[in-house]
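Comments concern the structure below.
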Amino acid sequence: MSQTSGQVDVAIVGGGIAGMACAFHLQEKAAAAGKAVSYALLEQSERWGGKLRTETIDGYGDAPFIVEAGPDSFITQKPWGLQLARQLGLESKFLPTNDHKRRTFVLHSGRPVAMPDGVLLIVPTKFTPFALTPLISPLGKLRMGMDLFLPAKTDDADETLADFIQRRLGREALDKLAEPLLSGIYNAEAEKQSVLATFPRFREMEKQHGSLMRGMLASRKARTAAASPTGNGDGNGSKPLSMFMSLAGGMEEMAAALRARLTGDCRLTTGVESIQAAGAGYRLALSDSTALEAGAVVLAVPTYVAGPLLAGIAPTAAAGLGEIRYVSTGTISLAYKRDEINHPLDGFGVVIPRSENRPINAITWTSTKFDQRVPDGYALLRVFFGGSRSPEMMQRSDAEIEQIARQELRAIMDIDATPLFHRIFRWQKATPQYDVGHRERVAAMEAALPAGLHLTGSPYRGIGIPDCIHQAQQTAEKILDIG
Ligand SMILES: Cc1cc2nc3c(=O)[nH]c(=O)nc-3n(C[C@H](O)[C@H](O)[C@H](O)COP(=O)(O)OP(=O)(O)OC[C@H]3O[C@@H](n4cnc5c(N)ncnc54)[C@H](O)[C@@H]3O)c2cc1C
């Protein structure tokens, strides 16, 4: 039997945002409750943060290029990301999106067409700009308007995002708006994606207001009221919060700030290879050939890692974990001299409907979306590929990816310039798919877990950073029995 390298109350497997946030919450809540809780955070790679990864590139002028490999921001409507960042003292680093420049383009017959003003997520809330947009045909617009009159579905059965959108807004809204915008976030296929696991608010709006449009208008009204000087969104009478927030030095700053605050046994290059029941707890075999004993274990790793680890001790949960599909995605960021690009970059970027049949999925105009991402006089663009849309791109060489990205930028944005540099990041089996029935599958897996075993993170109840943090905090509270 391998030598024991420690004994802790809680072993947390995976040093991405979920594992780190779980460790931090456990530490802080235990201290506040006067409980002594020891933990080990085990990360197989050489760095903390998992998908939170930022590259800083100097040498081009007054400031560095900040290139994100993974997430570039987090949504502020779900409070847990913002709250954690504040708790970590990162407020001075908050970098909101440039909301006065917010405009999304949709590729339409090969050319970017601006999303009409007043479209919230995918739902039109202003009549004139919507009536004038060439993006949706007159018949398509009429069909979308029927949302106001169609009866609401009142049961709680799950359905695909495609079925839901077609039911309320019609086929064109699905193709031109919902599929690129909503499935794009999840790198998912609308025909398989669970509406209840990914956009439950839509179904709530339908139930409560009888229509998506009426629901969106009501939620906009509520947000405007909350942001007014008498009832502001962030409690200090200032302007409303940006919908998305990043950090000045990039999203990896969140992982660095978390790591700096963790006082437990944090180990890099330490993968967990197997888990066995041992007495009232568990024995984890580690990649350095030692073993760790723990009263409780949190698995904050992808399901295809968690499943095999649980096969011997929680076979039912392990079988459920095996059912969750993943897709692989990638991004290429390209840096330019601003004056070598003719395009106005007057928005946050372009989303691309599947029906356009392009080898890429979206383009973010990073240097418009955020300040402090490029030195003065430069521009940064980020092209997304892979997922269920263009899986073949994941097999391409770096040279091919660069060539295809440049071809696409030429075709879509008339950019002929040679980039100063580019950075490619491939995320193999990175994005869990929330197929129809996801919520029930997750609940069944959790119910099948023996005492002391916990699952948390992006595969379960939300892939965005705030949701990962929230799940991690709930897991920590469950362990401390204060949830
Ligand atoms: C390209 C891209 C863009 C994104 N954009 C956004 C965005 O803008 N906003 C947003 O909110 N979200 C975004 N996301 C999603 C979000 O980044 C992820 O869902 C989230 O970071 C996942 O966190 P996690 O801790 O669950 O998993 P991960 O970050 O995957 O962490 C899991 C960790 O477990 C480790 N591990 C694996 N196996 C073992 C083992 N056997 N032993 C020990 N450790 C192990 C891994 O090395 C990894 O560090 C994006 C994702 C990608 C890929």
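The values are calculated or read from the model by the stated rules, or taken from the named source; none is laboratory data. Values in this document were obtained by computation on a predicted structure and should not be read as measured data. In this analysis, Cβ positions are derived from the backbone assuming ideal geometry, glycine residues included, and neighbour counts consider all displayed protein chains.
From the list THR76, THR56, THR104, pick out the single residue that is touching a helix residue (DSSP H, G or I) at 6+ places or on another chain (Cβ under 6 Å) and surrounded by fewer than 24 Cβ atoms within 10 Å (Cβ to Cβ).
THR76
Among the strands (runs of 3 or more DSSP E) lying completely within region 1-95, list those that include at least 2 residues that are away from the ligand (no atom under 13 Å from the Cβ) and touching a residue at least 12 places away in the same chain (Cβ under 8 Å).
Qualifying strands (runs of 3 or more DSSP E): 4-13, 54-57, 65-68.
Could you please tell me which pairs satisfy a Cβ distance under 7 Å, a separation of 6+ or placement on different chains, a first residue in region 469-483 that is charged (D, E, K, R), and a second residue that is more than 14 Å from the ligand (Cβ to nearest atom)?
Close Cβ pairs (under 7 Å, with a partner that is more than 14 Å from the ligand (Cβ to nearest atom)) amount to GLU477/LYS29; GLU477/GLY483.
Could you list, in sequence order, all residues of region 263-302 that are near the ligand (Cβ under 10 Å from one of its atoms), β-branched (Val, Ile, Thr) and surrounded by fewer than 20 Cβ atoms within 10 Å (Cβ to Cβ)?
THR269
Could you pull out every one of the strands (runs of 3 or more DSSP E) wholly within region 278-344 that has 2 or more residues that are in the same structural domain as SER367 (by TED's automatic domain parsing) and of a type in the set (Val, Ile, Thr)?
Result: 326-337.
Looking at region 79-90, can you tell me whether even one residue there is under 18 Å from LEU181 (Cβ atoms), surrounded by 14 or more Cβ atoms within 10 Å (Cβ to Cβ) and under 18 Å from the mean Cα position of the chain (by Cα)?
Scanning region 79-90, I find no residue that is under 18 Å from LEU181 (Cβ atoms), surrounded by 14 or more Cβ atoms within 10 Å (Cβ to Cβ) and under 18 Å from the mean Cα position of the chain (by Cα), so the answer is no.
So ALA36 clears everything in (1) of a type in the set (A, V, I, L, M, F, W, C); (2) at pLDDT below 95; (3) under 22 Å from PRO308 (Cα atoms) except one condition, right? Which one?
Of (1) of a type in the set (A, V, I, L, M, F, W, C); (2) at pLDDT below 95; (3) under 22 Å from PRO308 (Cα atoms), only one is false for ALA36: (3).
In region 266-306, how many residues are among the small types (Gly, Ala, Ser) and within 19 Å of GLY50 (Cα to Cα)?
Qualifying residue count for the region: 4.
Taking ALA162 as meeting all but one of (1) touching a helix residue (DSSP H, G or I) at 6+ places or on another chain (Cβ under 8 Å); (2) farther than 23 Å from LYS126 by Cβ; (3) assigned to a loop (DSSP other than H, G, I, E, B), write down the number of the exception.
(3)
Looking at region 96-126, which of its residues are in contact (Cβ under 8 Å) with a residue 12 or more places away in the chain and in a helix (DSSP H, G or I)?
ASP99, LYS101 - these are the residues of region 96-126 that are in contact (Cβ under 8 Å) with a residue 12 or more places away in the chain and in a helix (DSSP H, G or I).
Output the qualifying pairs, or none if there are none: Cβ atoms under 9 angstrom, residues six or more apart or on different chains, first residue in region 405-422 and more than 15 Å from ALA362 (Cβ to Cβ), second residue basic (Lys, Arg) and part of a strand (DSSP E or B).
Here the result reads ALA417/LYS337; LEU420/LYS337, each pair linking region 405-422 to a residue that is basic (Lys, Arg) and part of a strand (DSSP E or B).
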